[in-house]
Amino acid sequence: MMNEFLKKNKKSVLYATMIFLVYLAWICSFKNTLDALLLYRSLSKDQKEETVGVSTLNIVKKKHDFYKSVLKSYRISNSDKAGYQWQSISGIAMVCGLGLGFEPEIPFEQDSSKLEKHISISRFKLYGSCDQVIKALDSISRTAGIGRPSSFLLKREMVSGEVKSGRMVLQIDISSLQ
C-alpha cells in the first residue's frame, strides 16, 4: 500500500522532503545567523545614536592618561631614601618568602671634610631557609638604586644560646650616599 502511494505521488513526496530539509536547515543554522546579524545591526545603530556627551569609555581613558602622566613625572626624593630601600628590600623578601627586620641608620664616623655627601648605612635582617636567604642576597646585590651591600652575616637563628629552628638569619648592611 505504501509502495503504491509513493509511486503515484513521487513528486509530491520529493517536494515535501525538500521543504522539510529546508525547514531543518533554517532551524539549525540560518535562523541563528539571521538573529545575530539583526542584533549586530541594532547595536551598531544604538552606538551611532549615542550622544556626543562624555561616555564611560572616554572618562576611563582620560583618567588613564592622567595617571600615566603623573606616574611619568613621579620621582622618589632623596629625603625618602630609607623608605625606598625598605620598599625594595621588603619586595625582594616577599618574593623569596622571607621574614624581615630593619634598623634605619647605623651611626658611621667619617671625615666630613673629604666628602660632600653623607654615607648612610641601613641594617636589614632576613629570616628564612638557607636557599631563600642566598637568593635574596643575590637579588639585593643586583638591585640598582638602593645602595650597595657593605657587609653581611649569615647565621642560624638562636634563642638563649640554643638553635631555635632550621631558619637562617642574614644580617646585611646597605651603604648609600645621601
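A short reminder: the numbers here are calculations on the coordinates, not readings from a lab. Treat the numbers as computed from the prediction; the structure is a model and nothing was measured. Cβ sites come from the backbone with ideal geometry, for glycine too, and all protein chains shown count toward neighbours.
Distance between the 7 Å Cα→Cβ label points at Leu153 and Lys31: 8.2 nm. Model label sites at Ile134 and Tyr84, defined 7 Å from Cα along the beta-carbon direction, differ in position by 3.2 nm. Here each label is just a point 7 Å from Cα along the line to Cβ, and for Arg142 and Lys45 those points are 6.0 nm apart.
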